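The values are calculated or read from the model by the stated rules, or taken from the named source; none is laboratory data. No experiment lies behind these values; they were computed from the predicted model shown. So basically every Cβ, Gly included, is an ideal-geometry build from the backbone, and we count neighbours across all protein chains shown.
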Amino acid sequence: MNILIIGTGYVGTSTALVFAELGHKVIGLDTDIRKIDELNRGKLHFYEKGLDHLFYKHLEKGNVQFTTDTEQAIKKSKVIFICVGTPNNDDGSANLQFVEQVARNIGHFINNYKVIVIKSTVPVGVSEKVREWIAESKKNKVRFDVVSNPEFLREGSALWDAMHPDRIVIGSRSEKATLIVSKLYQSLNALIIVTTPQAAELIKYASNAFLATKISFINEMAKLCDKLDINILQIAEGMGMDHRIGPYFLEAGIGYGGSCFPKDLNALLDTAKRKGVPLSLLEKVVDINQTQPLYVIEKLKNKLRLLKKKRICVLGLSFKPETDDTRESRAFPIIRELINQGAEVAVHDPIVQLSDDMFQSSVKQFETEQQATQKVDAVIICTNWSQYIRVDWKEILINMSGNVLLDGRNMLNAQEMKEIGFDYEGVGYK
Ligand code: UGA
């Protein structure tokens, strides 16, 4: 099928390549000329494990093309996916200006029946709005359907998630459109649930909100574990064995980051507020997540007392491993607080490069973990990059001034680290 993906950001580009891999002809459209030029020259503008392979393969075979020509791209395609960003406005609500612009463009150029699929995470009711925006700018009698088809892939494992989805949600009021969208995914043999567009929109937010709730829940338990001298890993394991709870998203640490959970929780809270339904549980989930990074600073102060002039190394800047995305990374509030308290901060990340203007040069970035930890009083792990497990921690300790190791992701073996000589502490785990 001929598919158009509007928006070549992270979700759009991943979706385009996955559909190319599933045997479709895909056009990626964006207004950002530089981005499109780079894509056409074979340069992927973000890092995602395994995606570059699909990118080169399908670009070379001509299964995927990138363009800024809105009119031609719309006219040529039968199914149009809207994958543009929906960032938060200052009040937490979702900013729909890009979605509206795209919908109006579709209305302007639509030349025959098309299915418009919304993959961007949009508040309940936006599918209906998109239908209205297209209808308003349409000059002919051509028919079209709007379908909501939310995305559940995770950064860092986007390819695996897209190829092995737990479910595909199709929110549609038209049998014809449902059939067309289902067919796109046919070769995946995945479970498909068909709902109303509004229900599909809410399934996406409710799923992210529930996963975020699991994380904040286990983080609260971890704080209690610290006081009771109980290992949170055993609690998570014991809870997770109950199939009604499940073992996933029960990893305690410095909290959740990324471009999705923080943004989507704000947008859901905003929707609920507008409807006069306070979601007090989710408000608490957000609160817990905001204070969680500072919990590690408290731990650090308990060990070092004053942080002024202390040298602290932060390992990991991305919001999770296997991505170069630093949006809402929990490393940043930690770094900011360290600077506020007068500490000297050294950082390392396997792929993220801090820009010069970030933190007004008060942070020094190093190429290797060994360099970043030289002569530091303490190390804080913020991202669970697997390479931090393989680091020669004995050698690191020899070159440090102090011996404090705070594991914000509970990724190292506490016993081993203590035997090496570290004053090691995780979150609810020591
Ligand atoms: C999340 C959802 O998991 C996806 O299903 C969804 O499609 C996506 O948002 C989206 O809305 O686009 P993502 O933000 O890529 O995916 O990353 P996650 O793997 O969910 O991790 C989010 C944050 O939670 C990370 O900072 C991670 O370190 C943290 N986390 C995750 C924990 O602190 N504990 C856990 O047990 C799991």
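So here's what we get for this one:
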| read-out | value |
| --- | --- |
| Candidates V379, V347, V363, filtered to the one that is modelled with pLDDT under 95 and within 24 Å of E298 (Cβ to Cβ) | V363 |
| Test result for K320, of a type in the set (K, R), more than 13 Å from the ligand (Cβ to nearest atom) and either surrounded by fewer than 19 Cβ atoms within 10 Å (Cβ to Cβ) or closer than 24 Å to G9 by Cβ (or both) | no |
| Count - residues of region 84-116 that are within 22 Å of L179 (Cα to Cα) and either among the β-branched types (V, I, T) or touching a Pro at 6+ places or on another chain (Cβ under 7 Å) (or both) | 4 |
| Test result for N403, surrounded by fewer than 16 Cβ atoms within 10 Å (Cβ to Cβ) and under 23 Å from I297 (Cα atoms) | no |
| Matching residues, region 217-229, being more than 9 Å from the ligand (Cβ to nearest atom) and either surrounded by 22 or more Cβ atoms within 10 Å (Cβ to Cβ) or part of a helix (DSSP H, G or I) (or both) | F217, E220, M221, A222, K223, L224, C225, D226, K227, L228 |
| Where a residue in region 48-66 is in contact (Cβ under 8 Å) with a residue 40 or more places away in the chain and closer than 17 Å to D30 by Cα and its partner, wherever it lies, is surrounded by 14 or more Cβ atoms within 10 Å (Cβ to Cβ) and of a type in the set (S, T, Y), with Cβ under 7 Å and at least six apart | F66/T8 |
| Among the residues listed as I27, I5, I80, the single one being in contact with a Phe, Trp or Tyr (Cβ under 7 Å, 6 or more places away or on another chain), more than 23 Å from I351 (Cβ to Cβ) and surrounded by 15 or more Cβ atoms within 10 Å (Cβ to Cβ) | I5 |
| Positions within region 54-75 being surrounded by fewer than 18 Cβ atoms within 10 Å (Cβ to Cβ) and either part of a strand (DSSP E or B) or at pLDDT below 95 (or both), in sequence order | T67 |
| Any hit, region 86-104, residues being free of Cβ contacts under 8 Å to residues at least 12 places away in the same chain, farther than 30 Å from R274 by Cβ and surrounded by fewer than 21 Cβ atoms within 10 Å (Cβ to Cβ) | no |
| In region 92-111, the residues that are in contact with a Phe, Trp or Tyr (Cβ under 9 Å, 6 or more places away or on another chain) and assigned to a loop (DSSP other than H, G, I, E, B) | I110 |
| Which numbered condition K214 fails, given (1) touching a helix residue (DSSP H, G or I) at 6+ places or on another chain (Cβ under 8 Å); (2) at pLDDT 95 or above; (3) within 23 Å of I381 (Cα to Cα); (4) within 10 Å of the ligand (Cβ to nearest atom) | (1) |
| Identity of the residue in region 279-294, buried (at least 21 other Cβ atoms within 10 Å of the Cβ) and either modelled with pLDDT under 95 or out of contact with any Leu (no Cβ under 9 Å at 6 or more places or on another chain) (or both), that ends up nearest to I351 (Cα to Cα) | P293 |
| In region 105-120, residue nearest to L269 (Cα to Cα) [restricted to those that are within 16 Å of the ligand (Cβ to nearest atom) and buried (at least 23 other Cβ atoms within 10 Å of the Cβ)] | S120 |
| Matching entry among V347, V376, V363 (being out of contact with any Gly (no Cβ under 9 Å at 6 or more places or on another chain), more than 16 Å from the ligand (Cβ to nearest atom) and not charged (D, E, K, R)) | V363 |
| Number of positions in region 385-400 that are buried (at least 21 other Cβ atoms within 10 Å of the Cβ) and more than 27 Å from K308 (Cα to Cα) | 1 |
| Residue, modelled with the highest pLDDT, within region 247-275, restricted to residues that are crowded, with 19+ Cβ neighbours inside 10 Å and charged (D, E, K, R) | E251 |
| Residue pairs meeting the criteria (Cβ under 6 Å; at least 6 apart or on separate chains; first hydrophobic (A, V, I, L, M, F, W, C), in region 399-414; second surrounded by fewer than 19 Cβ atoms within 10 Å (Cβ to Cβ) and not in a loop (DSSP other than H, G, I, E, B)) | V404/K303; V404/D423 |
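Condition check ((1) crowded, with 22+ Cβ neighbours inside 10 Å; (2) within 16 Å of the ligand (Cβ to nearest atom); (3) in a helix (DSSP H, G or I)) across all residues:
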position	(1), (2), (3)
V277	no, no, no
C313	yes, no, no
R327	no, yes, no
G342	no, no, no
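Here is a yes/no grid of residues against (1) farther than 21 Å from S127 by Cα; (2) in contact with a His (Cβ under 8 Å, 6 or more places away or on another chain); (3) not small (G, A, S):
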| residue | (1), (2), (3) |
| --- | --- |
| R41 | yes, no, yes |
| L54 | yes, no, yes |
| K57 | yes, no, yes |
| N63 | yes, yes, yes |
| T67 | yes, no, yes |
| C83 | no, no, yes |
| N88 | no, no, yes |
| S93 | no, no, no |
